Every structure is written in structure tokens, then in C-alpha cells.
């Protein structure tokens, strides 16, 4: 297979731009997306609310529409040249197309995209051969990821799982609106202990860790893309005061918020 165009970790600030991809006749070439922030997708008239750390492989002629549902939309993307597309290889690996699938962990896959970006645009010796091999590695790794863990496609989510996914999306995108664990459990229609147990089973992490991670990831985005003060960012990210925010930020990143902003 061969890449037509590729992008790594593209960030769209939805407060500054109206980012919408609307392709009623399909993307024109097979499109692979690794979705890093919550998003809304419509594929062949089927609507999906997609969590971060999901992927979708869209056929060249499948009508598609997608946009972010938070303040920022981020993804890795690859368009493949139609002439070299190997559908038989994808089918053999058991990789679904035209439906978003939650992966839970995408660091390895995103790193492979990063390598492919370099090889695709470098023009270095043997770059085309290396690119072809890394495309195979990317899809083999995706197939292994799909087969090695319990998957949650948007079509297969039970109502309870769907509610927990929506709660996790809220935690990651609007941490200032997240209540305590009892409130979240009530929203899910579950007991406190049942909610915590299922949440960890579903996402591989605890609610508390996700709340902290959601706050810090949002803080990082705001520090790197806005001029908000530290106090304002602390409030937007759900902290009771800037001192708690600064202490936790430094504990987790090794830098103060000001140092992090200066390094960007």
C-alpha cells in the first residue's frame, strides 16, 4: 500500500475555527483516523459519539461527516492511494471499516504514524521501501490491538457502557462540570462501588485518575493555546484554587504551569 497524504497530531481549536469535515460522496480515498479527542461522526447516515483513543477506517466512497465536540479536535490521519489499496490484506487482518472503534491505548499506533510522516516527506534513501513496511506494521499493530483487548464499538455498547463512555467524555473535555464520584455514579444509575468497578473494567483506569488526567490535559491545551491566566485555567479545569492546580500540575509533569507554557 502507498500513502497519498498524511498528518500527525493535527490540532484544531474549535473556538477559533469551524472545523467540520463533510464529504457526502466519501473522502475520495481510504482514510484512516486515530481520534484523540471526543468527536461526532456520521458515516453512511449512522451517527456516532466517539470517545478519544478511537480509530476509524473510512472507505473511499462512504459518505462521512465529522467534527469535534469539545474545545479542541485532534487526530492523526492518513489518505491511501486508491491504486495501491489492499482490501484483501485489511480483511485478512480483521480490521473493521466504516465504524469507529474504541481502542483505549493508541500511543504505539500514533508513534508509528509519526514515523510514517517523516518517511513520507523526507525523500531520504529507501524512504519508499521503509514507508511500505511501516504501513504493514501499522495495520498489523492495529489488528493485534483489536484482537488483544475487549473492544467497544459504538454499535455494540450497552446502555450502561454508553452512559459511562459519555461520563468519561465529560471528564476529559469539561472537567470543571464533573461532580464527585457519588454524583457520577448517580448519573450512571449505579451504586458508587459498582460504578467504580465497571469504570475501571471498561477503561483500564480509575475514575479519580481520569479526573486528574482530564484536568491536566485540558490545562496543557489551554496553557499552549490561550492567554488565560493560571487562576483562570485552574477554574476552567475544575480546581478550587490555583494553588491546588499548580501543586498537582508540578507533581505530574515536573514543571510549573508557567514553566510548561514557556517551553511550548
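In the set 74, 37, only one residue is more than 22 Å from residue 139 (Cβ to Cβ) and within 14 Å of the chain's Cα centre (by Cα); that residue is 37.
With a requirement of 1 or more residues that are closer than 24 Å to residue 40 by Cβ, the helices (runs of 4 or more DSSP H) lying completely within the range 150-264 that satisfy it span 159-173, 181-188, 192-203, 207-225, 230-236.
Determine which member of the set 238, 214, 189 is at positive phi and in contact (Cβ under 8 Å) with a residue 40 or more places away in the chain.
Only one candidate passes the filter, namely 238.
Show me the strands (runs of 3 or more DSSP E) found entirely inside the range 53-98 where at least 1 residues are touching a helix residue (DSSP H, G or I) at 6+ places or on another chain (Cβ under 8 Å). By residue number, 54-58, 72-80. The set of residues in the range 178-198 that are surrounded by 14 or more Cβ atoms within 10 Å (Cβ to Cβ) and modelled with pLDDT under 90 comprises 178, 187, 188, 190, 198.
Taken over the range 40-52, the residue count meeting the criterion of being under 17 Å from the mean Cα position of the chain (by Cα) and not in a strand (DSSP E or B) is 2. Would you check if residue 175 is within 25 Å of residue 10 (Cα to Cα), buried (at least 18 other Cβ atoms within 10 Å of the Cβ) and touching a residue at least 40 places away in the same chain (Cβ under 8 Å)? For residue 175, the condition - within 25 Å of residue 10 (Cα to Cα), buried (at least 18 other Cβ atoms within 10 Å of the Cβ) and touching a residue at least 40 places away in the same chain (Cβ under 8 Å) - is met.
Could you check residue 14 against (1) under 29 Å from residue 167 (Cβ atoms); (2) in contact (Cβ under 8 Å) with a residue 60 or more places away in the chain and say which number it fails? It is condition (2) that residue 14 fails. Restricted to the range 30-49, and to residues there that are in contact with a helix residue (DSSP H, G or I) (Cβ under 9 Å, 6 or more places away or on another chain) and buried (at least 18 other Cβ atoms within 10 Å of the Cβ), the residue that is farthest from residue 73 (Cα to Cα) is 30. Considering each residue of the range 118-131 in turn, none proves to be surrounded by fewer than 21 Cβ atoms within 10 Å (Cβ to Cβ), touching a residue at least 24 places away in the same chain (Cβ under 8 Å) and assigned to a loop (DSSP other than H, G, I, E, B). Restricting attention to the range 131-167, the residues that are closer than 30 Å to residue 118 by Cα, modelled with pLDDT of 75 or more and within 18 Å of the chain's Cα centre (by Cα) total 7. For the range 95-106, the criterion of being under 30 Å from residue 240 (Cα atoms) and either surrounded by 17 or more Cβ atoms within 10 Å (Cβ to Cβ) or modelled with pLDDT under 95 (or both) is met by at least one residue.
The values are calculated or read from the model by the stated rules, or taken from the named source; none is laboratory data. Only a predicted model underlies this, so the values are computations on that prediction, with no experimental measurement involved. Glycine also receives a Cβ, built like all others from the backbone with ideal geometry; neighbour counts cover every protein chain displayed.
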